[in-house]
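The values are calculated or read from the model by the stated rules, or taken from the named source; none is laboratory data. Since the model is a prediction, treat every value here as computed from it, not as a measurement. Cβ sites come from the backbone with ideal geometry, for glycine too, and all protein chains shown count toward neighbours.
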Amino acid sequence: MDHAVAFINQLIEEVPELAEAHRRHIADFDLLLPHVFMAEIARFVVTSTTNFANSASVTKILTRLEQGLQSGDASVAELIGVSFVESFSNERTALERLLPQLGDALRREVKSIFGV
């Protein structure tokens, strides 16, 4: 199994609030497209930070993303950087709210992309 797919599947297991979005994604595409779904996870996080909902889920997601970046797997790091972090290009307010919750690896990724 592809490392990026395995990473997403584990994230869905750890954060059941993502299961419905995953179900819709599979219904739409007939398979998991990791980069497309990771952007969906970013939208979930943005929405949660905007209305202050699902804070425990956001914490779990950010923790898992941090672990993914620390794993050393290039496909997972690319998935997180390109399809999660870059999704915040038009969501600077949400990104600023998230910064205090980011681990070192995720913060470095944000800094490398946005200079924040």
If you check ARG97, ARG92, ARG107, which single one turns out to be surrounded by fewer than 13 Cβ atoms within 10 Å (Cβ to Cβ) and of a type outside the set (Val, Ile, Thr)? ARG92
Scan region 72-116 for residues that are of a type in the set (Asp, Glu) and within 17 Å of ASP2 (Cβ to Cβ) and jot them down. ASP73, GLU78
Number of the exception - PRO100 against (1) in contact with a Pro (Cβ under 6 Å, 6 or more places away or on another chain); (2) of a type outside the set (Phe, Trp, Tyr); (3) without any contact (Cβ under 8 Å) to a residue 40 or more places away in the chain: (1)
May I ask you to list pairs of residues, at least six apart or on different chains, whose Cβ atoms are under 7 Å apart, with the first in region 15-39 being surrounded by 12 or more Cβ atoms within 10 Å (Cβ to Cβ) and the second being among the acidic types (Asp, Glu)? ALA21/GLU40; HIS25/GLU40
Taking ALA42 as the residue in question, decide whether it is within 18 Å of GLU109 (Cα to Cα), touching a Phe, Trp or Tyr at 6+ places or on another chain (Cβ under 7 Å) and of a type outside the set (D, E, K, R). yes
Please determine whether any residue of region 37-54 is aromatic (Phe, Trp, Tyr), closer than 19 Å to PHE114 by Cα and at pLDDT 90 or above. no
Here are some conditions: (1) within 22 Å of GLU17 (Cβ to Cβ); (2) modelled with pLDDT of 95 or more; (3) of a type in the set (A, V, I, L, M). ALA105 meets all but one. Which one does it not meet? (1)
